[in-house]
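Worksheet: the structure to be examined is printed underneath.
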Amino acid sequence: IDSIDIRTASMQPYEGYFDFWWDAKEGKIWLAIDRFEEEFLYVNSLPAGVGSNDIGLDRGQLGEKRVVRFERIGPKVLLIESNYDYRAVSDNVDEKRSVKEAFAESVLWGFTIDTESNSRVLVDATPFLIRDAHGVIRRLEEEEQGDYELSEERSAVYLPNTKNFPKNTELEAIITYVGKDEGAYIREVVPTPEIVSVRQRHSLIQLPDDDYEPRIFDPRSGYYSLDYKDYAQPIEAPLVRRFITRHRLKKKNPSADLSEAVEPIIYYLDRGAPEPIRSALLDGARWWAEAFEAAGYRNAFRVELLPEGADPMDVRYNVIQWVHRSTRGWSYGGSVTDPRTGEILKGHVTLGSLRVRQDFLIAQGLLKASETVQMKEMALARLRQLSAHEVGHTLGLTHNFAASVNNRSSVMDYPHPYITLDEEGDFDFSNAYDDRIGAWDKRAILYGYKEFPAGQDEQEGLRQIIQQNIELGLHYISDEDARPQGGAHALAHLWDNGANAVVELERLLDLRAAGLARFDAGNLPLGEPMATLEEVLAPLYLMHRYQSEAVAKLIGGLSYTYAVNGDGQPIQTSIDPAQQRSALQVLLKSLTAEQLQIPASIIALIPPKPKGYGRSRESFRSHIGPSFDPVTAAEGLVDHILGLVLHPARASRLVQQHARNPQLPSLEEVLDELLTTFWKSTFSTDSDGLLQQMVAVRILHHLMHLAVDKKALTHVNAIAFAKIDELGKWLDNKSGASYLHAAEHIKHFKNHPNDFVPKAGPKLPDGSPIGCH
């Protein structure tokens with residue numbers, strides 16, 4: 001007699017990878033374990049989230065991916081996570097054991113055996129499910145949203161999504177947290193904010209067979225890497241081994257130039273995406289089929305609508321999930337990846353549903369409210385590109401932020417809408433976004449997925465692909481190098497366009513001026529409160545904020561590649577002195593009153609907010625009460641640009657580069673240009689003068705910040721302090737409230753520099769075309 005069968009006779013059975021039973025009377029899941037010492041993949045996820053981009057606990061969010069195994073010790077079964085960061089890839093059993101015993105593993109859970117028969121044991125899995133596996137408590141605390149704890153009496157197994165399949169077991173629970181709702185974000189999205197309920201999924205997944213061939217990582221390839229230390233490596237070889245992450249894909253006919261795949265890669269779109277968004281997402285994701293065909297596969301990449309009743313969290317489905325939040329937020333391309341090999345088992349795209357509204361708003365600032373067809377078309381064009389971009393991540397690709405200067409060579413960049421003026425002077429949106437993958441994307445897929453025929457040296461074939469990329473002039477620079485603050489690469493930016501950043505900023509300033517000249521009540525739909533015109537104005541007024549980042553990176557900037565020894569690429573050079581000085585001049589131009597002024601005709605159209613329409617993160621900040629504040633709107637933009645130009649890392653590079661090559665701009669030159677342009681010229685008494693004084697004050701503040709910033713070189717501190725002293729002496733001969741105030745401020749700073757507290761300028765309205773920072 002099977003004791004487990006007797007014990008579970010009155011329960012609902014679920015047969016599959018790990019058999020389990022549902023005990024409705026006790027509200028428990030009983031799990032049968034019959035695979036000991038056999039590794040599998042354990043993934044936790046969040047099928048139902050909180051709904052706040054700022055908190056970051058989204059529907060469909062994947063959590064940790066761990067290789068685990070069950071081990072029985074007496075009356076207990078331990079769930080142990082293997083440590084694959086340190087290995088010995090060797091046939092020597094003793095060598096492998098020595099590494100395994102040198103580095104710790106993690107016991108994730110301990111189960112007590114209830115009953116057993118033959119080689120199977122039965123354990124109560126409910127406590128394993130009713131816990132904070134996804135780290136919700138920690139996340140809420142980190143985001144200062146409150147102090148919560150798990151409420152077991154309000155948590156339970158969520159049976160509708162608790163399922164079993166031949167290769168994966170899916171166990172889900174509704175988890176409730178109770179505590180103090182201290183943050184605005186949690187109060188915004190939860191009906192009773194001191195009680196937060198989400199659903200957490202525990203997936204037990206069979207690991208794939210060993211027929212997958214890992215592919216070597218190359219820093220020039222554009223892929224994410226799987227890294228581990230292999231202590232069996234020869235002394236002359238690197239200790240760290242690196243492989244790319246990618247799906248398994250094989251040809252039915254490996255010798256054919258073009259062949260169908262043994263098993264195609266199929267992505268499924270969330271049925272919750274409505275039309276016309278659904279069609280746009282399908283179209284964009286399908287762009288990748290062209291790249292796989294170029295790599296030698298016919299019909300090997302497909303995108304379809306998720307079958308009715310299918311669970312998007314099921315590991316068998318690569319999914320594009322449509323996720324709602326209370327505010328705009330980032331989209332993500334994640335994956336469930338085998339930590340042993342880098343094989344992607346499940347691509348999981350998360351697209352924020354409010355993303356489309358930002359592009360619509362950008363277009364609305366340039367068009368009359370009646371021209372909704374053009375606005376929708378631009379927004380949908382961006383969704384196609386976004387769908388392709390995030391799917392690209394789940395195919396293994398990283399960002400390529402140098403693609404925009406390379407003739408839009410990749411969808412893995414962040415594109416800003418490229419809007420132009422036609423011959424009649426009307427805004428042209430026809431080329432706002434690309435409508436296909438680029439040359440870099442095809443080459444990247446070729447590196448990751450090309451199958452080399454028997455007898456051909458794969459390593460040599462991959463080397464040739466990279467070398468051809470170089471010969472084609474395809475640039476590749478990814479994340480940290482492209483960021484506006486610490487990043488130094490002058491060709492890699494987010495939300496920029498054009499091969500020449502300075503020329504593009506000049507063009508955008510002209511486009512912005514044309515938009516402001518035409519902006520009026522007609523940009524707002526009939527029946528909408530006039531006060532909401534402010535939110536339509538914001539993306540127009542700030543149209544050049546991201547191109548300014550691209551231009552600022554020319555100052556003290558570098559041009560470099562991810563070169564490897566012997567590939568013939570230029571390694572690293574400073575930016576041409578003339579380019580750096582051109583960049584500084586156009587940024588100085590963007591800080592002038594002429595560029596900062598908001599026309600009086602627009603100001604007159606924006607009254608204080610009516611009841612029910614409060615200020616939001618889409619609004620400008622105000623120092624004048626409920627009224628729209630054009631000076632503070634300008635101050636936020638000014639502080640943004642000055643923060644880029646006078647960033648401590650950039651200032652430190654200017655010092656070092658000028659020391660090595662006196663032809664390059666010095667920090668003193670940059671500071672002199674700022675002080676001469678905005679301090680050492682007469683302040684007028686009109687609104688232009690008010691803006692000039694505001695810019696001057698913000699320059700002084702950033703100078704003081706540089707003088708005491710410990711992240712900057714000591715030389716930077718000294719130069720900034722000297723310029724402050726020089727300005728103070730110049731002010732001694734001046735009269736007028738602004739001059740006197742600045743002089744007193746400088747005297748206090750010189751006497752008490754350690755008392756200085758950096759004060760950020762007014763926060764700009766959320767504006768990355770993708771959402772908030």
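A few remarks follow.
- Derived scalar couplings between HN and Hα for the range 509-519 equal 4, 5, 5, 4, 4, 5, x, 5, 5, 9, 5 Hz in order, rounded to whole Hz, by the Karplus curve 6.51 cos²θ - 1.76 cosθ + 1.60 (θ = phi - 60°), x for Gly and Pro.
- Sorted peptide list for 471-482, 8-19, criterion being average Cβ within 10 angstrom, highest first: 471-482, 8-19
- Modelled FRET efficiency - R0 45 Å, Glu263 with Arg97, Cβ distances, 0.05 increments: 0.80
- With 5 Å bins beginning at zero, the pair-distance distribution over Cα atoms of the range 394-436 amounts to 6, 21, 23, 19, 14, 9, 4, 2, 1 %.
- Solvent-accessible heavy-atom area per residue, rounded to whole Å², over the range 473-598 at 1.4 Å: 35
- Computed over the range 158-228, relative contact order equals 30 percent, with contacts defined as Cα pairs under 8 Å that lie 6+ residues apart.
- Taking all Cα pairs closer than 8 Å and separated by 6 or more residues, the relative contact order of the range 454-613 comes to 27 percent.
- FRET efficiency for the pair Arg271 and Arg357, taken as 1/(1 + (r/R0)^6) with r the Cβ-Cβ distance and R0 = 22 Å, rounds to 0.55.
- Long-range HN-HN contacts of Gly767 with modeled amide H, under 5 Å: His773
- Local electrostatic count at Gly49 - Lys and Arg +1, Asp and Glu -1, tallied over other residues with Cβ under 10 Å: +2
- A simple spin-label model places pseudo-atoms 7 Å from Cα toward Cβ; at Asp725 and Glu141 they are separated by 4.8 nm.
- Projecting the Cα atoms of Gln657, Leu637, Leu671 onto the charge dipole of the range 629-688, computed from C-beta unit charges around the Cα centre, puts Gln657 farthest toward the positive end.
- With the simple spin-label model, which puts each label point 7 Å out from Cα in the Cβ direction, the Asp567 to Asp732 separation comes to 5.7 nm.
- Segment Asp209-Ala184, length gained on full extension (0.36 nm per residue, minus Cα span): 4.2 nm
- Cα gyration tensor shape for the range 26-174, rounded if a/c is under 1.5, else prolate or oblate: oblate
- Converting phi to 3J(HN,Hα) with the Karplus coefficients 6.51, -1.76 and 1.60 and the offset θ = phi - 60°, the range 290-307 yields 5, 5, 5, 5, 5, 8, x, 10, 9, 6, 9, 10, 9, 10, 9, 6, 4, x Hz in sequence order, with x at every glycine or proline.
- Within the full protein context, the accessible area of Ser687 is estimated at about 70 Å² for a probe radius of 1.4 Å.
- Whether the range 87-201 is rounded, prolate or oblate, judged on the alpha carbon gyration tensor where a/c under 1.5 counts as rounded: oblate
- Paramagnetic reach from Met530 (point 7 Å along Cα→Cβ, amide N under 14 Å) across the range 627-650: 628
- Helix-only mean residue ellipticity at 222 nm for the chain, each DSSP H run of n ≥ 4 adding -39500 (n - 2.57), per residue, nearest 500: -10500 deg cm²/dmol
- What the Cβ-Cβ distance of Ser106 and Ser151 gives, at R0 = 22 Å and to the nearest 0.05, is a FRET efficiency of 0.25.
- Charge dipole of the chain about the Cα centre (unit charges at C-beta), most positive-ward option of Ala538, Leu596, Ala285: Leu596
- Label separation (Glu423 vs Asp230): 6.2 nm, computed from points 7 Å beyond Cα along the C-beta direction.
- Per-peptide average of other Cβ atoms within 10 Å, ordering 313-320, 199-206, 602-609 highest first: 199-206, 313-320, 602-609
- Stretching the chain fully between Asn253 and Arg72 yields a gain of 60.6 nm (0.36 nm per residue, less the alpha carbon separation).
- Summing charges over all other residues whose Cβ lies under 14 Å from the Cβ of Ala583, with Lys and Arg as +1 and Asp and Glu as -1, gives -2.
- Three-way shape call for the range 39-114 based on the alpha-carbon gyration tensor, with the a/c threshold at 1.5: oblate
- For the range 189-328: accessible area per residue (Å², 1.4 Å): 45
- Principal-axis tilt of helix 355-364 within the chain, Cα atoms, nearest 10 degrees: 20
- Dipole orientation for the range 1-136: of the candidates Ala32, Thr126, Tyr14, Thr126 has the Cα lying most toward the positive pole (charges on Cβ; Lys, Arg +1; Asp, Glu -1).
- Residue list for the range 121-140, given a label point 7 angstrom along the Cα-to-Cβ vector of Phe36 and an amide N cut-off under 20 Å: 121-125
- Two-decimal log10 I(q)/I(0) for the range 651-691, as the Debye equation yields it once each C-alpha is a single scatterer, q = 0.31, 0.33 Å⁻¹: -0.97, -1.02
- Extension gain (nm, one decimal) between Thr632 and Arg242, 0.36 nm per residue minus Cα-Cα: 135.4 nm
- Across the range 655-666, computed HN-Hα scalar couplings (Karplus, 6.51 cos²θ - 1.76 cosθ + 1.60, θ = phi - 60°) run 4, 5, 5, 5, 5, 7, 9, x, 6, 7, x, 9 Hz from first to last residue, x flagging Gly and Pro.
- Mean Cβ neighbour count within 10 Å, used as a protection proxy, ranking 247-259, 715-727 highest first: 715-727, 247-259
- Here's how it looks for Lys251: its modeled amide H is under 5 Å from those of Val262, which are all 5 or more places away or on a different chain.
- Zero-based 20 Å bins, Cα pair distances in the chain, whole percents: 14, 41, 34, 10, 1, 0
- For the chain, the fraction of 1.4 Å probe accessible surface lying on carbon and sulfur atoms is 50 percent.
- Lysines with Cα under 29 Å of Lys96, excluding same-chain neighbours fewer than 8 positions away: Lys65, Lys76, Lys167, Lys229
- Heavy-atom surface of the range 682-734, accessible at 1.4 Å and reported per residue (Å²): 50
- Simple point charges give the picture: +1 on the Cβ of Lys and Arg, -1 on the Cβ of Asp and Glu, and for the range 23-74 a dipole about the Cα centre of about 80 debye.
- Relative to the longest principal axis of the Cα atoms of the chain, helix 458-471 runs at roughly 20 degrees.
- Note on the range 293-434: with charges restricted to the Cβ of Lys and Arg (+1) and Asp and Glu (-1), its dipole about the Cα centre is near 540 debye.
- For the chain, the dipole from Cβ point charges (+1 on Lys and Arg, -1 on Asp and Glu) about the Cα centre works out to 980 debye, to the nearest 20.
- Length-normalised contact order of the range 313-412 in % [C-alpha pairs under 8 Å, at least 6 apart]: 25
The values are calculated or read from the model by the stated rules, or taken from the named source; none is laboratory data. As the structure is a computational prediction, the values presented were derived from the model and not from experiment. Note that each Cβ is placed from the backbone with ideal geometry, even for glycine, and that neighbours are counted across all protein chains shown. Each accessible area value is taken on the protein alone, full model and side chains, heavy atoms only, with ligands, DNA and RNA left out. Shrake-Rupley method; radii C 1.70, N 1.55, O 1.52, S 1.80 Å.
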